[in-house]
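Presented below is the structure to which this report refers.
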Amino acid sequence: MEEFNSGEEVVFNPDEISVSVKECVEGVIGGTDYNQSKVNQWTASIVEHSLTHLVKQGRPFKYIVNCTIMQKSGAGLHTANSCYWDTATDGSCTVRWENRTMYCVVSVFAVAVAL
Amino acid sequence: MCGDSKRGGEATGGSSAGHEDSDLERKRREAEALLQSVGITPDVPHAQPLRVVTEDTCLFHYLVPAPMSPSNKSVGSDAGSQDSGDGNAGPRRGAVRLGMSKVTQVDFLPKEMVSYSKETQTPTEAMTHTDQKADEEEDEEITAPPPAEDNQEDNDEQGEQQQEDAPKELTEEEKLQLLHSDDFLSFFERGSRIVERALAEQVDVCFDYSGRDLEDKEGDLQAGAKLVLNRQFADERWTKNRVVTCLDWSPQYPELLVASYNNNEDAPHEPDGVALVWNMKYKKPTPEYIFHCQSEVMSAGFAKFHPNLVVGGTYSGQIVLWDNRSNKRTPVQRTPLSAAAHTHPVYCVNVVGTQNANNLISISTDGKMCSWSLDMLSQPQDSLELVFKQSKAVAVTSMAFPLGDVNNFVVGSEDGSVYTACRHGSKAGITEVFEGHHGPVTGLSCHSAGGPVDFSHLFISSSFDWTVKLWSTKSTRPLYSFEDSCDYVYDAMWSPTHPALFACVDLAGRLDLWNLNNDTEVPTASVYVDGAPALNRVRWSHTGKEIATGDSEGQVQVYDVGEQICVPKADEWTRFVRTLAEINENRDEAEELANA
């Protein structure tokens, strides 16, 4: 079922990914304020939608999508990640988004599927 | 779960079709063999189709793999493609070079919370621990212990750090620098003022209000006392050997009194002019504020509508302004020493007007009167030469404005005459002369006790001729002359509350209180100052219950006036009208006799 576009150069394109992820985030939490009761739904749907978009592209990648929503309360947040993979074909991209009341960080990791 | 069921499905699918299954197996083995021949490890056939696992909402049905055959196909096709696309697959399969990716960091900086707090408390471990616990909600009890523990660890670390930082000896230079820094100086001034007050306080906590232990208490004796010495202000450094030149009570804080002093001949290095603000409320013996300037201060007063400013007129003709908000003891503003301003000693300064329209009026001994705006002392707003009959400049020694009047005023001069003058209008300058004194006029005071009847046309003058004279602006001859004193009378002032009461002081150290409703021949109350110094100035407080006197030894005495004297009864005004009428009659009679 998974028919990858074989024959194409399989390289991860972070810019394209970040654009589509940003759109996803906008769509889910675009005009809203931080809401404790809804934030679970939000993270789940951001991850789902992002992943859907990624998979729809049909590239031979394994994806890992991570979404963090943090309320703006004056605290600081620092995260970092690093990977050990095939740097030629694999890649990751991190999208940061914020509004008046919250921060949202979505990280997408794409590991090329060994065909 | 979907995956599992589907796996189950696959499994069942596989078991139901028996020979299909063996077929499949055979095909698989063939594929493996093919792959192995190419050199590719056969892990692909066993690869499960990719499945997304989510929490509850499993929306990805279309991503769930269909039954086996497509996967077979894909395997097959993959194998096929890999077979055909040998070159393609080769490098990917063989040399998979793995490397470390760059570290991706995400930073959200904490918001800087600006907070101001006057209290500091070094956090003890126990305190922060309990704070943490108090803040957390019940729901998060499970998570509470780990953060609390973390905090304790942090506090331990901080404690160690504090111990390391704490006692670090400063070098001499650093200490000096700190002692001279602005912050320290202003703190020290404020702090020392407060501590002085506290130390001087002698409150009798055992006082029994029932009066049982009032045996020899002065209370009984004082019941009839008229003038009692309350406080005496002097300062070893600042007032010794100086003469008190002027006194003024603060309109805003009834306990503050400013006294100006002239120079100390025995101390040439000390500033020549000193003005001290004394505080009646606390028992501390030192002044509240100390101000000084380069030239002797001949007159001083609180600026009426500017509670923080003290105005001084000096011997050099300069008018200086001190501000108690600044930490400086020297004036914050000065008028220039130019011909436009004063070049002779300024004996009179006064702020007249209203809150919104006020001027500082100053007159120097050469007859020049300047009016200033307190915001700008670089040049006078207006100046006027006080000359009598177009030629004789008036050497002004004292000045007074009647109650409520900002235009007309009276001045007393060295030649013994009193003049009325006005500031504005076509006839600005000296209007009339009141002759009567035989010596220089030393003090003037306009009637200022407001009441049912208006006596603002009355004023009194004191002079070197041993007399105090009562005048009315309506007549150029004195209404009455008070001749009880045997020495130069240096100052006189009407009570601000009682219409018929005034005080005067003389060179013999005597303070007299005259109540015209009682007696016009002798003072109602009289007291001698200890040591009989020459009393230079007398000033009623704004409440009319206290009198401050300044003497030639640099001391300021504050007397409490007995209530039966200083508090006017309701009929005082009408009685004074009668008294005045009597005085007028007497005067007219005396004149007739003299003329006859």
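The values are calculated or read from the model by the stated rules, or taken from the named source; none is laboratory data. Note that the structure is a prediction, hence the values are computed from the model and not measured. Positions of Cβ are generated from backbone atoms using ideal geometry, with glycine treated the same way; all protein chains shown enter the neighbour counts. The area values use the complete protein model at the heavy-atom level, side chains included, leaving out ligands, DNA and RNA. Shrake-Rupley method; radii C 1.70, N 1.55, O 1.52, S 1.80 Å.
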- For residue B:465, are the conditions met, namely being closer than 27 Å to residue B:383 by Cβ and assigned to a loop (DSSP other than H, G, I, E, B)? no
Within the range A:72-98, residues being on the phi < 0 side of the Ramachandran plot and assigned to a loop (DSSP other than H, G, I, E, B) number 11
When every residue in the range A:40-59 that is of a type in the set (D, E, K, R) and open to solvent by 40 Å² or more (accessible area, probe 1.4 Å) is compared, the one farthest from residue A:12 (Cα to Cα) is A:56
(request) Could you check, for the range B:323-342, whether at least one of its residues is of a type in the set (Lys, Arg) and within 16 Å of residue B:409 (Cβ to Cβ)? (result) no
Handout entry: Test result for residue B:431, over 20 Å from residue B:579 (Cα atoms), assigned to a strand (DSSP E or B), without any contact (Cβ under 8 Å) to a residue 24 or more places away in the chain and open to solvent by 10 Å² or more (accessible area, probe 1.4 Å)
Key = yes
*Taking the stated definitions as given, is residue B:199 exposed (fewer than 13 other Cβ atoms within 10 Å of the Cβ) and either modelled with pLDDT under 90 or under 24 Å from residue B:275 (Cα atoms) (or both)?*
yes
Residue match in the range A:60-71 (condition: outside any strand (DSSP E or B) and open to solvent by 20 Å² or more (accessible area, probe 1.4 Å)):
no
Residue B:449: small (Gly, Ala, Ser), in contact (Cβ under 8 Å) with a residue 60 or more places away in the chain and open to solvent by less than 50 Å² (accessible area, probe 1.4 Å), yes or no?
yes
Given the criteria open to solvent by 80 Å² or more (accessible area, probe 1.4 Å) and modelled with pLDDT of 90 or more, does residue A:37 qualify?
yes
Worksheet entry | Residue within the range A:44-53 that is part of a loop (DSSP other than H, G, I, E, B), out of contact with any Leu (no Cβ under 6 Å at 6 or more places or on another chain) and either within 11 Å of chain B (Cβ to nearest Cβ) or not aromatic (Phe, Trp, Tyr) (or both) present | no
Scanning the range B:366-383 for residues that are open to solvent by less than 30 Å² (accessible area, probe 1.4 Å) and more than 24 Å from residue B:310 (Cβ to Cβ) gives B:367
Flagged in the range A:99-115 as within 15 Å of residue B:111 (Cβ to Cβ), assigned to a strand (DSSP E or B) and more than 8 Å from chain B (Cβ to nearest Cβ), in numbering order, are A:102
Charged (D, E, K, R) and more than 11 Å from every other protein chain (Cβ to nearest Cβ): does that describe residue A:90? no
